[in-house]
Amino acid sequence: MDEGETVRPPKRIKRLAAGLALPAVVLGVLWFERRPIAEHYVDRALAERGLPARYRIAALGPFTQRLEDVSLGDPARPDLTADWAELRLAWGFGGPQVVEVRAGGVRLNGRLVDGKLNLGSLDRLMPAPTGAPFALPDLRVALDDARLGLETPAGRIGLALDGQGNLARDFRGRLRLHAPRLSAGDCNAVGLLIAAEVRTAKSGIALDGPVDLGSLACDGAGGLGQVKGRARLKLAGDLGDAEGDVSLLAANGQIASVTAKDWRFVGKFAADLDAGEGGLEGDIGFVDAAAPADLRASLRDYRGALAGSPVAPLVPPLVDALAGASGDVDGKARLLLRHGRTTDVHLRDIALESATAARLTLRDGKGIGWSSAAGITADGALRLAGGGLPEIAGRLAIAGGGGEGRFTVAPIAAGGARLALAPIRIDADGGSYRVQTAATLDGPLGDGAVRGLAMPLTARIGGNGAIALNTACAPLSFESLAVAGIRLAPARLPLCPTGKALVTIAPDGGVGGGGAIPGLKLAGHVGGAPLTIVNRRFGFDIGRPGFIADTVAIRLGAGDSVSRLDVDRLTGQADARGLAGRFEGAAGQIGAVPLLLSEGQGDWRLANADLSLTGRLKVADAAADPRFEPLISDDVRLSLIDGRIHATGQLRQPETNVAVAAVRIDHDLAKARGTALLDVPGITFGRALQPERLTRLTFGVVANVEGTVRGEGRIDWNDAGVTSTGAFRTDSLDLAAAFGPVRGLAGEIRFSDLLGLETPPGQEVRLAEVNPGVAVTDGLIRYQLLPGQKLRVEGGRWPFSGGELFLEPTVMDFAQPVARHMTFRVAGLDAAQFIQQFEFENIAGTGIFDGTLPMVFDDSGGRIENGLLKVREGGGTLAYVGELSNEDLGTFGKMAFDALKSMRYDNLAIRLDGNLDGEIVSEILFTGINERPIGGEKLEGMAEELTGLPFRFNITVRAPFRGLVSTASNFIDPTALIRNQKPGDSPKPVQTQESEDKR
Amino acid sequence: QDAALSAAIASGQVGEQADGYMGIAKPVGGDIRSAVEALNIKRRAAYTDQAAKHGVALREWAATIGCQTLRNRVKPGQAYLLPDGVWRVKDASPIALPGNCG
Amino acid sequence: CIQVKAPDKPIEINLNVNVKQEVVVRLQKDAQEFITENPELFPQ
C-alpha cells in the first residue's frame, strides 16, 4: 500500500491557509484610503511597492466600500483579479477597522517552489515573517467563488473556496480541490477531486468530505482505479498537528501482477507537521484478487511434472488447488504505517481466503513488515488449510536478517501416492535462509509401487534467491519397492550431490544439480528367485533427466541355476513413453544354460513394466573345451514382460558373417525355466566356410567339406537341469576324412542330447562313395553317438562285387587319436566281378566267397590285417595267364603253372594283408583239377589229354588296388600322359638342383 | 593354425615323411596334432584324385611326392623321416633319398 | 596215378611291382608341379 504517499509534508498546509486569507487583508488596506485619496493613496502605496493595479470604486460609504474589476500585477498577466470586493468597517479609537471582507469571483495564481508559495507580485504585500506561531487572522470573511490556481512540481492544482465566517473562530465554507494529473517519482494520480466542508474554530481548521481519484498508478508496483472515499482532517490552530480518519474504496487495483477489486481502506492518521512525523493505521481489504491468467495457465502446464515418479499423482491436485486458489481471493489485514526518522510498514492479522475455500492466516504477532532500518520482518502464527492445499501450521519470527520458523505440514495424499514431511525448521542468518525437513513418500512406480521412500532434505536459500538442496550426502532409504515383477527388500543408500548440491535453482529459475549413489547394493526377489543388484556408481544429472550406472552386476536365482548379468555401463533417460537408454559391455549367462553371452551392447526401453532390448551380442560355449566357436548376433531383440524373457536373434559366424542359426529363447525368471529353439535353415560349406570355423570337433577329422547342412535344435532348462535335442540333415555332402574322400554323404542325425552330442541308437547315413584306396559305393551305416565323443557303429552295408560288405559293430573314441579297428564281413562276393572291378589283367575266375576283412585305419591310411575269404559250396574256376616272376620253377612248377591256365576248384581260401591304398598281399590255398591239358615233353606214357588231375595250390598274389574314382572325373588327362611319354625324356629333372631350392 | 604349424615345422617338431605325408617328430600339443591330421586328410584327398588321374596306386603317387618334398622342401634344422622310420634333422648336406626316388 | 609233389615254397606270382623306381621317376615332374600348385598343402 502506498498510503504513505497521501501524507504530504505539513508545511504545505500552513502555506495554503495563509494564501487564502491574503485577499481579505489586501482589500482592507484599499478601503481605508477612500476613493480619490484612496485611489491616489492606493496608487502611491502600490507604486511604492511597485505593484501595478487597476480597479474601479463602485461605492464608497463610511461602513462599506465596493470595488469592481480589480486587477493587480502585470496588466497583461495579472496575479489577482476579482469581479467585485466589498469592505465593511468599524470605527474605533484607532480609526477605521476592517471587520469584514466580501469578495466575488476572485482569481489568484500561485506557484509552489520547493515548498514555498509564490504569488508573483503580491508577495510584496506579505508582512515579514514574525516567528510567532501561525494563527488565523481574526477577520470576518465572505468569499464567493474564490479560486487559486497553483502550479506545483507534481502538477497543476485548482482550489476553489466558498463560504463565510470569522476565520479565527467560525468560518464555514466549501473547499473544492481539483488536480487533473499529479505525478511524483514513478507514480501518477489522475483526476483527484476533493470537495470538503471547511470549518474553523479556535482549536483549528476542520475539513470533512468525499475524496475522488480517477486512478493512482505507480509503474512496476501497481495501482488503484476509480477510488472513492471520505476524509476527515483536523488541523491544529498553529497548523502544527493534524489528524483525521479516511475511508477509501477503489473499484479495482493491482499490486505487481495481482489484480483485485474493491480495495478498501478504513483508518485513522495523525501527523506532527512541525516534527515531520506521521502515522497511519487502518483495516485494508480487497476481494476477487487473482493472479494473472497467463501465469495460472502456465501453472497448469506443470500438471504433468515428474510424470512416472512416485510423487506424480500428487502433482495435478496440488497444481489445480494452487491455480484455483490464486484465481479468486478475498483478503484483509491490519495496516500500520510509521514515517519519521525511519519508515516502517506492517501488515498484521492477515487473512486470505479463496473462492475454493483455501484459507491463509498470519495472526498474533507483528505480521509481515518492512522497515527502512530492519528490512524485512515476519512474526506470528501462520496457518494454511482448505481448498485442496496442504495444511501448514506454525510460527515464524524473522527480523533483522535473523530468526527462525517452525512449521508442521499434514501428509499430502492423492491417487495412491502419499507424501509426509517432518516438521520444517527455517533458520534465517545474515539474509540467507536454511530450511530443514525430511520427506517420506509412498507412491506408484511403473506397474508397482515404492513404500517408505525417505530422505532428509536441507535447502539453503541465498539472499539473491538461489536455492541449493542437499549440499552434502544424505541417506536415501525405502521399506519396499516393487516394479516389473521385482520386489526389493528394505535398503539404505547414501545419496551424494555430484556438484555443489543435489538440486540447485538459480535466481533466474534455472534448475541444475546432480546426484550419485556410490556403491548401490539392492537385494530382493523376482517371483521366487532371489535377486541381487550391485552397482559401483549410479549417477544422474538434474539438467539431463536420466541416469548413468557404471559396472552393474545382477544375480538372479540361487545355486548353479543363478542367472548372471554384468553390464559395464547402463545409461537411461526418462521420456514420454517411460525410461530408455543404452547398455555397453554386457555379459552374462541364463541359469545353467551352457551359453556364455558377452560383448553385449545396444538400446533398452522400460515402458511401465515391459523391458525391451535390441542390439549386438556374442554367444560362446560355456564348456571347458567348447563344442562350437563363438558366434555373434547383431539383431538381438529381447523383451521382459511379467517376469518372462522372450528373445530372438540371428547367430552368425564372426569372420564370414554367414548366418548359422536363428535363435528364439523364452525364459521364466520366477520359475527359472525356459526353452531355446535353434533353426538352421542351411549352412553351406565350401571354399569360404569350413566346419572348423564353427567347431573344433571336426578339425583333424574331416576336411574339404562341400554341401549344405540343415536342421533344428532345442534346449530346455529348469531347476532340475538342462536337456537338449536336435536333428540335422543333409542331402549331399562331400568331404575328405582320415580314411579317404567321401562323396554324397546324406542322411539325418537325431540328437537325444544335442549339447552332449549324444544320439539314440539307429542313426543312419548313406555314403554315395567312400574311397579308402578302394572305391566302395552306396554305403549305409547305422551308428550312435555316445557320451564323450565316442562313436558306436551299429553296422554298415556296402554292395561289393556282386555280394555285400558288412561293417561289424564297433565303438570308436574320436577324442583319442588312436588307430580305428573295423571288421568287415564279406557275403556273396562274386570272384568274377571282384577281378573285373579291380582290373587284375591276367586272372579270371568264378566262385562266390564269404569271409571277414579286419581293417585298421590310422594316420597313414587303411590296411587289412589277416583277412580271410572262403569259397562257398560248389567252388568255381580259376585261370591265370600272366608270366611267371621266377623262371626256374622246375618241371613240376611248369606243370602246375600250365594247370593254372584253367582250373576247377571245389574249396579255396584267400588270406589277405596289406594297404588298401597300396599293395595287397593275398595268399591263395585251394585244391582243384585242371580243365585243360598240360603240355610238356617229360611225361611220356601219359594220355595226351592230361586233364582232371588233382592239384593243391598255395599261391601268393601281390596286387595294387588302383585308386579308382567312379565319378565323372575318372578320365585320364591326355596331356599328362603325353608329357610323361616324350621320347628321349631323360630321368634327370629339367631344373637344376640349385634352382630347385630357391624357395 | 597355419602360424602354429609353420612354427612346429621350423622347430623340427613336425616334418615331411618319405611316404608323402607330414609326420610328428616330437611330442606336440593337441592343436598341432589336429593341424597335421587335417593337412594329411587334405593331402590324401588330393593324392586320391592325382593317383587315379595318373593310373597309379595312391601310395605310389604319395611316395613320389615324398621324394620331391625330401629333395627340395626340407630346410636345415627341419625334421624328416626316411622309410627306415628314423627321424633326422636336415643339415647343410642333401638328404640321402630312399632308393625308389631315383 | 602219379602223385605230383608240390614244391616246398608256394609259387609266387607277382602281379605288380612294389613301387617301382620307374613309376616315381616317370611322375617326378608332375609331382613337383602338383606341389608348387598346392602350396597350402605343403607349408614350410
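Expressed in nm², what is the orientationally averaged projection area of the convex hull enclosing the Cα positions of region A:671-823?
9.9
So, with +1 on the Cβ of K and R and -1 on the Cβ of D and E, and no other charges, what is the size of the charge dipole of the protein assembly as shown about its Cα centre, to the nearest 20 debye?
Result for the protein assembly as shown is approximately 4940 debye, rounded to the nearest 20.
Place a point 7 Å from the Cα of A:T471 along the Cα-to-Cβ direction; which residues of region A:490-534 have their backbone N under 12 Å from it?
Those under the cut-off are A:500-502.
With just the Cα atoms of region A:580-760, tell me how far they stretch along each of the three principal axes, in Å, largest first.
Extents along the principal axes, in whole Å: 61, 34, 28.
Leaving out ligands and nucleic acids, note down the accessible area per residue over chain A with a 1.4 angstrom probe, in whole Å².
I get 49 Å² per residue for this part.
Rounding to the nearest 10 and keeping the result within 0 to 90°, find how far the Cα-based axis of helix A:36-48 lies from the longest principal axis of chain A.
Helix A:36-48 sits roughly 40 degrees off the main axis of chain A.
With everything on Cα atoms, drop me the angle between helix A:11-32 and the longest principal axis of chain A, reported from 0 to 90° to the nearest 10.
Once rounded, the angle reads 30 degrees.
Between A:R77 and A:K332, what length comes free when the chain is fully extended (0.36 nm per residue of separation minus the Cα-Cα distance, one decimal in nm)?
86.6 nm
Relative contact order, percent, of chain A when contacts are C-alpha pairs under 8 Å separated by at least 6 residues?
Contact order relative to length: 3 percent.
Taking amide hydrogens as modeled 1.01 Å from N in the peptide plane, which residues meet the under 5 Å criterion relative to A:T927, leaving out close sequence neighbours?
Here the answer is A:D906, A:N907, A:F953, since their amide H atoms fall under 5 Å of that of A:T927.
Using C-alpha positions alone, give me the convex hull volume of region A:671-719 per residue in cubic angstrom.
Convex hull volume per residue, Cα atoms: 96 Å³.
Determine the share of region A:580-760's accessible area contributed by carbon and sulfur atoms, expressed in whole percent, with a 1.4 angstrom probe.
That fraction is 56 percent.
Note the angle between two axes, namely the Cα long axis of helix A:315-325 and the longest principal axis of the Cα atoms of chain A, as a number of degrees from 0 to 90, rounded to the nearest 10.
Rounded to the nearest ten degrees, it is 10.
Taking R0 as 30 Å, what FRET efficiency do you get between A:Y302 and A:S432 from their Cβ-Cβ distance, rounded to the nearest 0.05?
0.70
Per the Kirkwood definition applied to all pairs of different Cα atoms, how many angstroms is the hydrodynamic radius of chain A?
42.3
May I ask you to work out the translational diffusion coefficient for region A:690-779 at 25 °C, viscosity 0.890 mPa s, via Stokes-Einstein with Rh from the Kirkwood sum over Cα pairs, reported in whole µm²/s?
Answer from the Stokes-Einstein relation: 170 µm²/s.
May I ask for the net charge around A:Q601, where only other residues with Cβ less than 12 Å from the Cβ of A:Q601 are counted and Lys, Arg are +1 while Asp, Glu are -1?
Net charge in that neighbourhood comes out at -1.
For A:R232 and A:R147 in one chain, what is 0.36 nm times their gap in residues minus the Cα-Cα distance, to one decimal in nm?
This chain segment gains 28.4 nm when fully extended.
Round to the nearest 0.05 the FRET efficiency obtained for A:D219 and A:A355 when R0 = 51 Å and r is the Cβ-Cβ distance.
Efficiency computed from Cβ-Cβ geometry: 0.95.
One quarter of the convex hull surface, Cα atoms only: what value does that give for region A:328-437 in nm²?
7.8
Among A:L785, A:A844, A:G828, flag the residue with its Cα farthest along the positive direction of the charge dipole of region A:777-873, charges on Cβ as +1 for Lys/Arg and -1 for Asp/Glu.
Most positive-ward Cα: A:L785.
What's the whole-number percent of alpha carbon pairs in chain B lying beyond 25 angstrom?
Roughly 18 percent, once rounded to a whole number.
Under a point spin-label approximation (7 Å from Cα along Cα-to-Cβ), what is the B:A3-A:R673 distance to one decimal in nm?
Between B:A3 and A:R673, the simple spin-label model gives 4.8 nm.
Can you give the Rg and Dmax of region A:508-643 based on its C-alpha atoms, in angstrom?
16.6, 65
Would you calculate, for chain A, the mean residue ellipticity at 222 nm contributed by helices, counting each DSSP H stretch of 4 or more residues as -39,500 (n - 2.57) and dividing by all residues, to the nearest 500?
Roughly -2500 deg cm²/dmol at 222 nm, from the helical runs in chain A.
Once you've got the Cα coordinates, tell me which of A:K521/A:K671; A:K790/B:K42; A:K618/A:K790; B:K75/C:K29 are over 27 Å apart.
The answer is A:K618/A:K790.
Work out the FRET efficiency for A:D283 and A:A184 from their Cβ-Cβ distance, taking R0 = 25 Å, and round it to the nearest 0.05.
Computed FRET efficiency for A:D283 and A:A184 comes out at 0.45.
I need the phi-derived Karplus couplings for region A:182-193: 6.51 cos²θ - 1.76 cosθ + 1.60, θ = phi - 60°, integer Hz, Gly and Pro marked x.
10, 9, 9, x, 9, 10, 10, 10, 10, x, 7, 9
For chains C and A, what's the summed buried accessible area, probe 1.4 Å, to the nearest 100 square angstrom?
Its buried surface, counting both partners, is about 2500 Å².
The values are calculated or read from the model by the stated rules, or taken from the named source; none is laboratory data. Small disclaimer: the values here were computed from a predicted structure and weren't measured. Cβ: placed from backbone, ideal geometry, glycine included. Neighbour counts: every protein chain shown. Keep in mind that these areas ignore ligands, DNA and RNA; they rest on the heavy atoms of the full protein, side chains included. Shrake-Rupley method; radii C 1.70, N 1.55, O 1.52, S 1.80 Å.
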